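The block underneath contains the structure these notes are about, expressed in C-alpha coordinates.
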Amino acid sequence: WPSTHDPSPYDVLRQSRSTPYSKHNFTELAKLYHPDRHQFSTDQSLSAEVVIERFCMIMDAHNILSDPVKRQAYDANGIGWRFAPKPITRTDQWPAKEPYDDQYDDQHNKNQEEVFVWKLGSAVTMLLLIAVTSWLQLMRATKMSREAALAHHKIHQAVSEELRKLYEETASLSKEDRIRRFLGHRE
(Lines give C-alpha, C1' and ligand atoms only; values in the text may rest on other atoms or scores of the structure.)
Protein backbone atom coordinates (compact mmCIF):
# COMPACT_ATOMS: atom_id res chain seq x y z
CA TRP A 1 0.00 0.00 0.00
CA PRO A 2 1.29 3.53 -0.70
CA SER A 3 3.42 4.97 2.07
CA THR A 4 2.20 8.55 1.58
CA HIS A 5 -0.41 9.91 3.96
CA ASP A 6 -2.68 11.21 1.17
CA PRO A 7 -2.14 8.96 -1.85
CA SER A 8 -3.22 9.98 -5.33
CA PRO A 9 -4.96 7.60 -7.75
CA TYR A 10 -1.56 7.01 -9.34
CA ASP A 11 -0.07 6.05 -5.97
CA VAL A 12 -2.94 3.67 -5.20
CA LEU A 13 -2.65 1.78 -8.49
CA ARG A 14 1.17 2.08 -8.58
CA GLN A 15 1.22 3.74 -11.95
CA SER A 16 3.20 6.69 -13.27
CA ARG A 17 1.43 9.70 -14.77
CA SER A 18 3.16 9.32 -18.12
CA THR A 19 2.19 5.70 -18.83
CA PRO A 20 -1.15 4.64 -20.31
CA TYR A 21 -3.61 2.98 -17.97
CA SER A 22 -3.13 -0.71 -17.29
CA LYS A 23 -5.89 -2.72 -15.65
CA HIS A 24 -3.43 -5.29 -14.29
CA ASN A 25 -2.62 -3.46 -11.02
CA PHE A 26 -6.29 -2.66 -10.46
CA THR A 27 -7.27 -6.32 -10.78
CA GLU A 28 -4.57 -7.49 -8.39
CA LEU A 29 -5.39 -4.86 -5.76
CA ALA A 30 -9.16 -5.36 -6.09
CA LYS A 31 -8.72 -9.08 -5.43
CA LEU A 32 -6.42 -8.38 -2.52
CA TYR A 33 -8.64 -5.81 -0.76
CA HIS A 34 -12.11 -7.00 -1.71
CA PRO A 35 -14.30 -6.92 1.44
CA ASP A 36 -15.81 -10.35 0.77
CA ARG A 37 -12.37 -11.89 0.70
CA HIS A 38 -11.51 -10.41 4.10
CA GLN A 39 -14.86 -11.26 5.65
CA PHE A 40 -14.08 -14.97 5.86
CA SER A 41 -10.34 -14.65 6.27
CA THR A 42 -8.63 -15.72 9.47
CA ASP A 43 -5.95 -13.09 8.91
CA GLN A 44 -7.26 -10.03 10.74
CA SER A 45 -4.21 -7.79 10.31
CA LEU A 46 -6.43 -5.05 8.83
CA SER A 47 -9.72 -3.88 10.28
CA ALA A 48 -12.86 -4.06 8.18
CA GLU A 49 -12.97 -0.24 7.97
CA VAL A 50 -9.43 -0.07 6.56
CA VAL A 51 -10.16 -2.81 4.04
CA ILE A 52 -13.33 -1.07 2.86
CA GLU A 53 -11.62 2.32 2.65
CA ARG A 54 -8.74 0.90 0.63
CA PHE A 55 -11.12 -0.97 -1.66
CA CYS A 56 -13.07 2.25 -2.25
CA MET A 57 -9.83 4.07 -3.04
CA ILE A 58 -8.88 1.35 -5.52
CA MET A 59 -12.28 1.58 -7.23
CA ASP A 60 -12.14 5.39 -7.41
CA ALA A 61 -8.59 5.33 -8.74
CA HIS A 62 -9.69 2.85 -11.41
CA ASN A 63 -12.71 5.01 -12.35
CA ILE A 64 -10.53 8.10 -12.74
CA LEU A 65 -7.53 6.61 -14.51
CA SER A 66 -9.44 4.29 -16.85
CA ASP A 67 -11.57 7.13 -18.27
CA PRO A 68 -9.48 9.55 -20.37
CA VAL A 69 -11.80 12.51 -19.68
CA LYS A 70 -11.79 11.97 -15.91
CA ARG A 71 -8.05 11.37 -15.94
CA GLN A 72 -7.45 14.62 -17.79
CA ALA A 73 -9.71 16.51 -15.34
CA TYR A 74 -7.85 14.99 -12.41
CA ASP A 75 -4.44 15.74 -13.91
CA ALA A 76 -5.41 19.33 -14.66
CA ASN A 77 -7.32 20.25 -11.49
CA GLY A 78 -7.46 17.30 -9.12
CA ILE A 79 -11.16 16.88 -9.86
CA GLY A 80 -12.89 13.60 -9.06
CA TRP A 81 -10.64 12.20 -6.33
CA ARG A 82 -12.70 12.09 -3.16
CA PHE A 83 -9.75 11.02 -1.06
CA ALA A 84 -7.86 14.24 -1.71
CA PRO A 85 -6.12 15.86 1.27
CA LYS A 86 -8.50 17.86 3.41
CA PRO A 87 -7.94 21.62 3.63
CA ILE A 88 -6.50 23.09 6.79
CA THR A 89 -9.21 24.20 9.15
CA ARG A 90 -9.07 27.06 11.63
CA THR A 91 -8.48 24.75 14.58
CA ASP A 92 -5.51 23.15 12.83
CA GLN A 93 -3.65 26.36 12.17
CA TRP A 94 -5.01 29.26 14.22
CA PRO A 95 -5.60 29.66 17.93
CA ALA A 96 -9.13 29.05 19.12
CA LYS A 97 -9.60 32.69 20.11
CA GLU A 98 -8.07 35.89 18.93
CA PRO A 99 -7.14 38.57 21.48
CA TYR A 100 -9.99 40.82 20.39
CA ASP A 101 -12.56 38.02 20.85
CA ASP A 102 -12.86 38.70 24.59
CA GLN A 103 -13.50 42.37 23.98
CA TYR A 104 -16.06 41.51 21.33
CA ASP A 105 -17.74 38.96 23.62
CA ASP A 106 -17.99 41.52 26.45
CA GLN A 107 -19.52 44.13 24.14
CA HIS A 108 -21.80 41.55 22.54
CA ASN A 109 -23.07 40.33 25.92
CA LYS A 110 -23.68 43.92 27.04
CA ASN A 111 -25.64 44.61 23.87
CA GLN A 112 -27.67 41.46 24.43
CA GLU A 113 -28.52 42.58 27.97
CA GLU A 114 -29.60 45.98 26.68
CA VAL A 115 -31.74 44.37 24.02
CA PHE A 116 -33.29 42.05 26.60
CA VAL A 117 -34.12 44.96 28.91
CA TRP A 118 -35.50 46.93 25.98
CA LYS A 119 -37.66 44.01 24.87
CA LEU A 120 -38.86 43.38 28.42
CA GLY A 121 -39.79 47.05 28.82
CA SER A 122 -41.58 47.00 25.50
CA ALA A 123 -43.49 43.88 26.48
CA VAL A 124 -44.58 45.37 29.82
CA THR A 125 -45.64 48.60 28.10
CA MET A 126 -47.59 46.62 25.52
CA LEU A 127 -49.35 44.59 28.22
CA LEU A 128 -50.30 47.75 30.12
CA LEU A 129 -51.60 49.34 26.95
CA ILE A 130 -53.68 46.25 26.21
CA ALA A 131 -55.07 46.20 29.76
CA VAL A 132 -56.03 49.90 29.67
CA THR A 133 -57.67 49.69 26.25
CA SER A 134 -59.53 46.53 27.28
CA TRP A 135 -60.85 48.27 30.40
CA LEU A 136 -61.91 51.30 28.33
CA GLN A 137 -63.70 49.07 25.83
CA LEU A 138 -65.49 47.31 28.68
CA MET A 139 -66.64 50.64 30.13
CA ARG A 140 -67.80 51.80 26.71
CA ALA A 141 -69.71 48.58 26.10
CA THR A 142 -71.34 48.78 29.54
CA LYS A 143 -72.41 52.38 28.93
CA MET A 144 -73.81 51.55 25.49
CA SER A 145 -75.66 48.57 26.94
CA ARG A 146 -77.26 50.75 29.62
CA GLU A 147 -78.22 53.40 27.07
CA ALA A 148 -79.75 50.77 24.80
CA ALA A 149 -81.73 49.28 27.69
CA LEU A 150 -82.92 52.75 28.73
CA ALA A 151 -83.98 53.60 25.18
CA HIS A 152 -85.83 50.29 24.91
CA HIS A 153 -87.57 50.97 28.20
CA LYS A 154 -88.63 54.48 27.06
CA ILE A 155 -90.04 53.12 23.80
CA HIS A 156 -91.86 50.40 25.68
CA GLN A 157 -93.39 52.96 28.07
CA ALA A 158 -94.47 55.24 25.21
CA VAL A 159 -96.14 52.39 23.34
CA SER A 160 -97.79 51.16 26.53
CA GLU A 161 -99.10 54.66 27.29
CA GLU A 162 -100.47 55.04 23.77
CA LEU A 163 -102.20 51.67 23.93
CA ARG A 164 -103.66 52.51 27.34
CA LYS A 165 -105.09 55.81 26.01
CA LEU A 166 -106.51 54.05 22.98
CA TYR A 167 -108.15 51.45 25.19
CA GLU A 168 -109.68 54.11 27.42
CA GLU A 169 -111.09 55.93 24.38
CA THR A 170 -112.65 52.81 22.94
CA ALA A 171 -113.73 51.10 26.16
CA SER A 172 -116.99 53.06 26.39
CA LEU A 173 -117.91 52.38 22.72
CA SER A 174 -120.05 49.52 21.58
CA LYS A 175 -118.66 46.67 19.59
CA GLU A 176 -120.02 47.97 16.30
CA ASP A 177 -118.62 51.47 16.93
CA ARG A 178 -115.21 50.03 17.68
CA ILE A 179 -115.28 48.04 14.42
CA ARG A 180 -116.26 51.15 12.43
CA ARG A 181 -113.54 53.15 14.12
CA PHE A 182 -111.00 50.43 13.35
CA LEU A 183 -112.03 50.25 9.70
CA GLY A 184 -111.94 54.04 9.48
CA HIS A 185 -108.34 54.16 10.73
CA ARG A 186 -107.33 51.47 8.25
CA GLU A 187 -108.31 53.46 5.19
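The values are calculated or read from the model by the stated rules, or taken from the named source; none is laboratory data. From a predicted model like this one, the values you see are computed outputs, not experimental measurements. For neighbour counting, all protein chains shown are included, and Cβ atoms are generated from backbone atoms with ideal geometry for every residue, glycine included.
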Q: Being surrounded by fewer than 10 Cβ atoms within 10 Å (Cβ to Cβ) and of a type in the set (A, V, I, L, M) is the filter here, so list the residues in segment 150-171 that pass it.
A: A171
Q: Tell me, please, whether a residue that is within 39 Å of the chain's Cα centre (by Cα), at pLDDT below 90 and among the acidic types (D, E) can be found in segment 27-37.
A: no
